[in-house]
Amino acid sequence: MFIKRLPKFEYHAPTSMAEALDQLSLYGENARVFAGGTDLFVSMKKREVVPEHLINLKEIEELKKTHHDEVEGLRIGGLITMGELERSKIVKEKFPIIWDAVNVMATPQIRNLATIGGNLCSAIPSADTAPPLIVLGATVTIVGSAGERTVLVEKFFKGPGESALAPDEILKEILIPAPPVNSGSAYFKLMRRNAQDLALVGVAASLMLDGDRQACQEARIALGAVAPTPIRALKAEAILKGRNINDDLAAEAGGVASEEARPITDIRASGEYRREMVGVLTKRAIMKALTRTHNKT
């Protein structure tokens, strides 16, 4: 099979955020930043994007930091790889829904290159980290020439391949708030090949129960790969609030979530099949999240 070479570009390797931002401001829309490059380089080979300048962020140490605080939550630098998240004891124990997502992404080789910042900034509807981050109420910190700002991950996506980032901005870090007491969350993904394919459907669910761990006080459900951007299933969430969750209620919420999805038909799956599987995976995610609320001590 013929594989195109990368188009010609000028390479830059800043060692600080200030230097990277100066280069972005100088070269404007003719520049692209990258870290793992797992999405960008494929797009360049396809000539979907042909930047004249590539700015490698790998030498910027402040983008490689993580910090966990029991009160604040988990801060993840934009350059942290999926492999690092997969191997993190804190992620697996405190934020298992994130581990659910990264554990089924691509291959181990890709996970060791691909960064969480890149997964979000590519803004593809099937981005695996997006639904879990949305149900956890995560925010991203964005830095640009005009300063620093914070955006909810839920509001970060504007359309396929389009995010809230301006051409002169860089995603600095992701903040995941500390999970509330009596809460649990889970992510399920439908794909054709185990852990090596894009999601046909992705569903994340997060629950917070009352003090007796009976009735659902709050529910969040996010869907991936079934709309132009990751979306909340707000009507399905409303089905769960104030009620004791069981298989029948979870199935009811799954049916409502399937109606909220807006999937397309493409070469990988029909819209009808995707919609049906939204219902199936929503029920599974709700029940797994419920199990995790009861497993907490």
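Length gained on full extension, Arg5 to Asn244, computed as 0.36 nm times the residue gap minus the Cα-Cα distance: 80.4 nm. When Rg and the Kirkwood Rh are both derived from Cα coordinates, the Rg/Rh ratio for the stretch 18-78 amounts to 1.10. The order of Val256, Val201, going from fewest to most other C-beta atoms within 10 Å of their C-beta, is Val256, Val201. With respect to the chain, whose longest principal axis is taken over its alpha-carbon atoms, helix 271-295 is tilted by about 70°. Note: relative contact order over the stretch 65-177, using C-alpha pairs below 8 Å and six or more positions apart, is 29 percent.
Highest mobility in the GNM of the chain, judged by mean-square fluctuation with C-alpha springs under 10 Å and restricted to Leu190, Leu26, Leu223, is found for Leu26. Consider the candidate values (i) 32; (ii) 39; (iii) 35; state which one is percent of Cα pairs over 30 Å apart computed from the structure displayed. It is the one labelled (i).
Where Rh is the Kirkwood radius over the Cα pairs of the stretch 183-295, the temperature 37 °C and the viscosity 0.692 mPa s, what D in µm²/s does Stokes-Einstein return? Kindly include the intermediate steps, with their values, before the conclusion.
Numbers: Rh = 13.8 Å.
Diffusion coefficient, whole number: 237 µm²/s.
Take every pair of alpha-carbon atoms less than 8 Å apart whose residues are at least six positions apart; their mean separation over the length of the chain yields a relative contact order of 15 percent.
Rounded to the nearest 20 Debye, what is the dipole magnitude of the chain about its Cα centre when Lys and Arg each give +1 and Asp and Glu each give -1 at the C-beta? For this selection, approximately 880 debye.
Counting Lys and Arg as +1 and Asp and Glu as -1, each charge on the Cβ, what is the dipole of the stretch 10-56 about the Cα centre in debye, to the nearest 20? Display every interim value, and only then the final one.
Values: 4 positive and 7 negative charges, 52 e Å.
The calculation lands at about 260 debye.
What would the Debye equation give as log₁₀ I(q)/I(0) for the stretch 65-177 at q = 0.17, 0.19, 0.22 Å⁻¹, counting only Cα atoms as equal point scatterers? For the stretch 65-177, the Cα-only Debye profile gives -0.77, -0.97, -1.31. Sorting Thr282, Thr66, Thr293, Thr15 by the number of Cβ atoms found within 10 Å of their own Cβ, with the fewest placed first, yields Thr15, Thr66, Thr293, Thr282.
Between 0 and 90 degrees, the angle of helix 247-260 with respect to the longest Cα principal axis of the chain falls at about 40 degrees.
Only counting other Cβ atoms within 10 Å, I'd like Tyr11, Tyr273, Tyr187 sorted with the fewest neighbours first. Numbers along the way, then the final one.
On the way: Tyr11 8, Tyr273 15, Tyr187 31.
Ascending Cβ contact count within 10 Å gives the list Tyr11, Tyr273, Tyr187.
All of the numbers you see were taken from the coordinates with simple rules; none came from a lab. What you are looking at is a predicted structure, and each value in this text was computed from that prediction instead of being measured. As a convention, Cβ positions derive from the backbone with ideal geometry for all residues, glycine included, and neighbour counts pool all protein chains shown.
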